[in-house]
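Remarks on the structure that follows.
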Amino acid sequence: MIKNITILLVTLFYSNILLAQNCNSNRYVTELFTSQVTQDVQYAVADPYGISSVQNLKMDIYEPVSDTIANRPLIVYAFGGAYLIGDKRQPDIPLVCNHFAKQGFVVVSIDYRLGFNTLSTGSSIRAVYRGIQDLRAAVRFMCENRTTYRIDTNYIFYSGSSAGCISGLHAAFMTDADRPSYTYGGTVFLEPDDMGCADCSGNTLYGQRVPKPAGIINRWGAILDTTYINDINEDSIPVISFHGTADPAVPFGIGNPFSFPVFPVVMGSSYIHDRLDRLNIYNQLVPLVGAGHEPELIEPRWTDTMFARCTPFLYQILKPNTKSINGINSLCIGDTVIYSVPSTLGSTYCWEVDSNTTIINVSNNFITVVFNSGGSHYIRVQELNSIKCSGDTIIKIINVLSKSDANFTYTNTELTTIFANTSVASTSYVWYFGDGTSSTNISPNHTYSDTGWYIVTLVASNGVCSDTFKQNIYLTKCPSANFSVVTNTLGQLTVFNNSSYTDSVYWSFGDSISSNLYNPNHTYELEGNYTIQLIAFNDSNCSDTFTQNISIVYNGVLDYSTTTSKFFPNPFDKNVYIESDEVIKQIEIKNSIGQEIYYGLANKNIVNIDLEGIENGIYYLKIISKNKIEQLKIIKQ
């Protein structure tokens, strides 16, 4: 009783654990929080275009209020304005940043260096490069201060508008090998300096390195050359692109920005999408049909479109990619089994089982269960990762079978045994007969080469689990009945039982007398012909019968020694005469049941005895001489 209560409490305890765990999170799906902004946080110092003094670069940092998790994804937003105008708070940047902060992101809106010679292609390209350097400097600042702002550097996204997205796309895909020649200086009027590497400006934080971005939200941006995008791991960066199909500033397809030939030819969102598709890199293109440049400023519905499409796109990147549940698919009722999923650092795993399943233990990415009934069962698990993003619910279907129950009975005739398989819930069988041989038949027959004890083993299986049953059997051949006899003139029968493979016998002596002794002795009362029958039995459920005919004749055969005395007549009527070669000392006569009929002393060689008064029948005459005792059977008639 106490044991059952303990099991119930353990089951309820783990059931409550499952109920208490909640891996369903609406973070990054809905606006769960309010947001707050910290303005004008300086992240870099850089040389601007056209003036000699340095420029302090600043950012606004948007965060969800009352958010306590240690790791949060980051969105770095760069404004648009053709690298000539704009700032980090221009319309509709605060709206976008607050939206994502309310969903659980940290969002930074950055200022970056503006200005270039609008009559110089080289100067315009250098302006783009400054935007790249400043955006990467902003990322390094946030990575360096990841603990302060609780940033997960594995989930950094680039976004912005127009020029800001041009910077973001190049910052993600362009390498030093792709760096335009104009950035090395010497060929651009009034800009002779070498601009240095992409991470050589603004600050030296985070080891002057930038993590690979987790994705890009491209809003009407473009890239100088889509071949910058490669299918190597470093360039496998997901991109979602929003672009007006009638954009006059940044081409939806390919062309000069603003159709101004001084600006270099760029490839817009449709070309970027095609390139990513060819490389099998996760991406989406959302054509804003008929829309122009930055259409959300005039038609807010495009902002709603962006929010609606960004949410599932980002969620697909953020959510844990839980693999399938590891563990066997088929088992038997009552089996204790462990299921698991690969563990990811910082993730929590919530398990669920169906009814008639007992949870033995839950250890984050492991669960131990016992299935209490047959049929189809399921186990589900959902992962909540370190940034509190819920993964898909993974389900595993398990086929639970009734346990095999091995059993058999048998019958045998001599050395041949017929096995009857009485196993249940089984589909395959292996028999081991105990003599080194085996069989896979359901109910085999087997003939042994010799008698004796054998251990027969049956292993029954349903293809999933098995059961073993063993039984000792004893084998013997059918009995062979046989005997020989020796008789004497006293009617005494001595039997020699020569039967084989015999456990029990039955004798019939032909005179209504029987015996179950193995080697009985028997005395016949009367002369005559008799049929002796022996029936031999054993445990093999068979028997054998042997008969022999004998004749009983009373000829005065000596019982103790060779007879030398003479007795006549025999049979007799009245008197009997005894003559011996020795002096007869004593004579005794008894009937067949041992009663004394006559007793006398003689001391002579010839004796005459009167027996007229005794009844007819068999009598025993005992003659005692000096050196011997003789006993004869005599008949009165």
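Every number in this text was worked out from the coordinates using simple rules, so none of it is lab data. Everything numeric here is computed off the predicted structure, so don't read it as measured data. Every residue, glycine as well, gets a Cβ built from its backbone with ideal geometry; the counts of neighbours run over all protein chains shown.
Brief remarks follow.
- Surrounding net charge for residue 71, when Lys and Arg each add one and Asp and Glu each subtract one, Cβ distance under 14 Å: +2
- The coefficient of translational diffusion for segment 417-549, derived via Stokes-Einstein from the alpha carbon Kirkwood radius under 25 °C and 0.890 mPa s, stands at 135 µm²/s.
- When both segment 291-364 and segment 125-183 are represented by their alpha-carbon centers, they are found 30 Å apart.
- For segment 483-552, the equivalent ellipsoid derived from the alpha-carbon gyration tensor has semi-axes of 23, 11, 10 Å in decreasing order.
- Beyond 28 Å in Cα-Cα separation lie the following of the pairs 58/319; 102/212; 574/604; 574/622: 58/319.
- For segment 159-199, the equivalent ellipsoid derived from the Cα gyration tensor has semi-axes of 22, 13, 8 Å, listed largest first.
- Taken one residue at a time, the phi angles of segment 580-586 give Karplus couplings (6.51, -1.76, 1.60, θ = phi - 60°) of 10, 7, 10, 6, 7, 8, 8 Hz. Gly and Pro are set to x.
- Semi-axis lengths (Å, descending) of the ellipsoid that matches the C-alpha gyration tensor of segment 175-240: 25, 17, 12
- Fraction in percent of alpha-carbon pairs per bin - 5 Å, segment 129-230: 2, 13, 20, 23, 20, 12, 5, 2, 1
- Burial order of peptide ranges 413-423, 523-533 (average beta-carbon count within 10 Å, highest first): 413-423, 523-533
- When you work out D = kT/(6 pi eta Rh) for segment 218-314 at 4 °C and 1.567 mPa s, using the Kirkwood radius from C-alpha pairs as Rh and the Stokes-Einstein form, the result is 94 µm²/s.
- Rg to Rh quotient for segment 101-168, alpha carbon positions, Kirkwood Rh: 1.06
- For segment 566-636: span of alpha carbons on each principal axis (Å, largest first): 30, 21, 16
- For segment 70-87, the Karplus equation 6.51 cos²θ - 1.76 cosθ + 1.60, evaluated at θ = phi - 60°, returns couplings of 7, 10, 9, x, 10, 10, 9, 10, 10, 6, x, x, 6, 6, 10, 9, x, 7 Hz by residue, with Gly and Pro reported as x.
- Coarse-grained scattering of segment 408-475 at q = 0.11, 0.27 Å⁻¹, given as base-10 log I(q)/I(0) from a Debye sum over alpha-carbon atoms: -0.24, -1.27
- DSSP-loop trypsin sites (Lys or Arg not before Pro) across segment 567-603, with at most 15 other Cβ within 10 angstrom: 574
- Its residue count N fixes a reference of 2.2 N^0.38 Å for segment 35-318, and the Cα radius of gyration divided by that reference is 0.93.
- Segment 566-636, dipole about Cα centre (Lys/Arg Cβ +1, Asp/Glu Cβ -1), debye to the nearest 20: 200 debye
- Considering only segment 35-318, percent of DSSP beta bridges that pair antiparallel, nearest 5: 45 percent
- Shape category assigned to segment 31-104 from the gyration tensor of Cα positions, a/c cut at 1.5: prolate
- Summed over all non-identical Cα pairs, the Kirkwood treatment of segment 332-455 gives a radius of 18.4 Å.
- The Cys residues in the chain with no partner Cys Cβ within less than 4.7 Å of their Cβ are 97, 143, 165, 310, 389.
- Convex hull volume per residue for segment 57-157, taking Cα atoms only, in Å³: 88 Å³
- Helix runs (DSSP H) in the chain reaching 18 Å along axis by Cα, Kyte-Doolittle at least -1.0: 2-20, 121-144, 301-318
- Most tightly packed first, judged by the mean number of other beta-carbon atoms within 10 Å of their residues, the peptides 400-411, 598-609 read 400-411, 598-609.
- Whole-Hz ³J(HN,Hα) from phi, Karplus 6.51 cos²θ - 1.76 cosθ + 1.60, for segment 204-214, glycine and proline x: 10, 6, 6, x, 6, 9, 10, x, 4, x, 7
- Kirkwood Rh (inverse of mean 1/r, distinct Cα pairs), the chain, angstrom: 35.3 Å
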